[in-house]
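Following: one structure in structure tokens, then a few remarks.
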Amino acid sequence: MLRQEVVTMPLPPHLRNKLLSAGFTNASELERCGGPVALARETGMTPEEAHEVLQLLGERLPAGSDWRAGAVSAATLLEAHLAAPRIVTMCRDLDELLGGGVATGQVTEFCGVPGIGKTQLGMQLAINVQVPAALAGAQGQAVYVDTEGSFMVERCADIAEGAVRHITAMAEKQAASGRPALAEGFRSGAVVFNVASLLRGIFYFRIHDYTEQLALINMLPRFLQQYPQIRLVVFDSITFHFRQDFTDMSQRTRVATLMAQQLIATAQTYGVAVVLMNQVTTKVMEDGSSKLVPALGESWGHAASTRVMLHWGVHDNERHAALFKSPHLPPGNVAFTVTADGVRGMPRGSRGGAGLANR
Amino acid sequence: MLQPIDLTKQIPLKTTLGCGVLDGFLRGGLPCGIITELTGEAAAGKTQLVLQSLLTVQLPRSEGGLDGKAVYIYTEGKPPVERLQSILTNRFNGRPDINLANVLIEERPITTPEDLLRSVRQLEALLEREAVVPIATAAAAAGSRVADAATLSRRVVRLLVIDSVARVFRDAGESDEPQVQQLHRRAAQLFGLTALLKRLAQEHQLAVLLTNQVMDDFDSDGGTSVGIKGGGGAGSRPAPLVSSGRRVLPALGLAWANCVNCRLFVARHEAGNGGVVRSLQVVFAPHLPHSYCCFKVDQQGIQGLLDEAAEQGSALRRHLD
């Protein structure tokens, strides 16, 4: 039993990879590592994940049940899915629309017109992925792939500042209700959550054409192995470089399909949230009216398991998010705002028509 | 091998517009590394703003400039060199560090997308050489002597202005090509031009300023239906843009809107007392909220107005609130 190889353990693929990357090859090595916290530290897992791995080990049957090697029970998968950390947007309604936040292990797409808030949301997620586990955050790092140049560091610093204030306030609230661990962690410096650390927690890439984009997607698995703390990869936008350079539409479709497959595999293997920002184009309908549709056409529609259209509402300056594809959530539409601090929910009691954002 | 960029070491660079009010409104001025679009009707004040920026980029860093040169690609006929000279004389009188020799003007007529692309590629070559090889200089065009060579050689191009992009692309397309294909081809050209401009902007830390025209916004639907309508209707924009009492839309459509990082709308409004109020409005920008700033135009160029000073601002506020 102690000779059970890590590669044959019935673990979710991303956990197995973490063990392998950290150099664990069999069960006896895991037994010796000294408990879930030590294992978490060595492998970059969360303490919950490490606990799950060691529990699985404890329940292992003696050799003879190798038929399970490589297979994972549906129960384990469901547990892993439900336990998988989500990345909040800091707009409660939007988080609810997404089933608690953006899911890791999946590809989520946000599309919308220029100025609706795609980059704002991308930056907000890159900050929020770093929220400590004590506040149910993913406590991870982010990769931000900027293909359009819209990522401005001063704005990201604003959003980071807003998040620091928000998280500090939540830590104080926890302390007031008898759970002072996080607040003390901040004070002592054991837990770091400030603007500089948040900016350092984002691996930022600037991409200038589609070959660079494909090269990055190809190297992403290696990068994620090198930095197992990464829980989020944002592409802002995934579409820009595909709207030129291709005179042959079928070639574009082939490349886009390949890109989609790689992104899905990367999300699943490494348990990261892959978030794609997409542009929209105008489609003229049969009756002459026009509709806004995601760019890159029907062939791209299969890339993301969750798709959200960001759009302006009926009243001036009101932003909305409409969920139109999801593995298990019903469609829905919520309002959100973008303030000086970043993405937030609508102020309680307001109807919308927020007018000029506060600064 | 692709390497991540350390965000904590990024210093956002901006070039001043020469006015504290406008700079404050834009959080420092025109950003380097991105594409800023100035859209608005003719005579709203776009070209004035642009001409002023050709001079203010030359200011030293201590005054908010970039110690740089500017490249001016004018697509609507003869470049307005006399106006440029006039702002120079009235606003920067006697300053040796601000002169027309630091403004490089594209001499050949630019009428097609291919012309424009060619001109930008030449700029790329120039930037790479980082030497002064003027295509033409505003100084020569105005008939005055070229400034001291030593002054010229220290500076590099920090601002590119294309005035306007709309003119070059609006007439593009052969008449016997189907409409849909024309739009596709135009979109591909716009995206191609944009990708090149953005790469240059980022690699050489240039501020890129493009002007665009507007069209009338005929979609008069009050937005009563819930749904995501295309074109200019509710769903695709935050609020209508108004100039001279008419609703307008920036030209070149949604494809072009996807290309620019920052869109600023310049508008003129009739004030109650018969005067004219001008406004600069943020339509979208990664680093700015929806907001507007009034300004006036006089012999010295553009001057931003603080809210209290905008006595005629009430007419404007009726439009915008």
The protein assembly as shown: translational diffusion in µm²/s, Stokes-Einstein, Kirkwood Rh over Cα pairs, 37 °C, 0.692 mPa s: 121 µm²/s
Long-range amide H partners of A:GLY332 with built H, under 5 Å: A:LEU323
Separation of alpha-carbon centers, region A:123-145 and region B:180-208, rounded to whole Å: 33 Å
Gain upon complete extension [A:SER177, A:ARG165; 0.36 nm per residue less C-alpha separation]: 2.5 nm
Separation in nanometres of the label points that stand 7 Å from Cα toward Cβ, at B:VAL276 and A:TYR227: 5.2 nm
Sorted by Cβ density within 10 Å, fewest first, the residues B:VAL103, B:VAL157: B:VAL157, B:VAL103
Ascending count of other beta-carbon atoms within 10 Å, so fewest first, for B:VAL165, A:VAL284: A:VAL284, B:VAL165
Cleavage-rule hits (trypsin sites (Lys or Arg not before Pro)) in region A:251-354: DSSP loop, at most 14 neighbouring Cβ within 10 angstrom: A:ARG348, A:ARG351
Gain in span if fully extended, A:ALA215 to A:GLU29, counting 0.36 nm per residue against the direct Cα distance: 63.4 nm
FRET efficiency, 1/(1 + (r/R0)^6) with R0 30 Å, evaluated for A:GLU154 and B:SER86 via beta carbons: 0.30
Fraction of beta bridges assigned by DSSP in the protein assembly as shown that are antiparallel (%, nearest 5): 50 percent
Residue among A:ARG86, A:ARG231, A:ARG16 with the largest mean-square fluctuation in a Gaussian network model of chain A, springs linking Cα atoms under 10 Å: A:ARG16
FRET efficiency, 1/(1 + (r/R0)^6) with R0 35 Å, evaluated for B:ARG247 and B:HIS184 via beta carbons: 0.80
Residue pairs, from the table B:LYS14/B:LYS46; A:LYS291/B:LYS198; A:LYS118/A:LYS291; A:LYS173/A:LYS325; A:LYS283/B:LYS46; A:LYS291/B:LYS46, whose Cα atoms sit over 26 Å apart: A:LYS291/B:LYS198; A:LYS173/A:LYS325; A:LYS283/B:LYS46; A:LYS291/B:LYS46
Amide hydrogen neighbours beyond the local backbone of A:ALA22, cut-off 5 Å, H modeled: none
Whole-percent pair-distance distribution, where bins are 10 Å wide, for the alpha carbons of region B:1-98: 13, 43, 30, 10, 4, 0
Neighbour-count order for A:CYS111, B:CYS293, B:CYS262, fewest beta carbons within 10 angstrom listed first: B:CYS293, B:CYS262, A:CYS111
Approximate shape of region A:152-245 as ellipsoid semi-axes (Cα gyration tensor, √5λ), whole Å, largest first: 36, 16, 10
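We did not get these values from a lab; they are worked out from the coordinates using the rules stated. Please read all numbers here as calculations on a predicted model, not as lab measurements. Here Cβ is always computed from backbone atoms with ideal geometry, including for glycine, and neighbour counts include all displayed protein chains.
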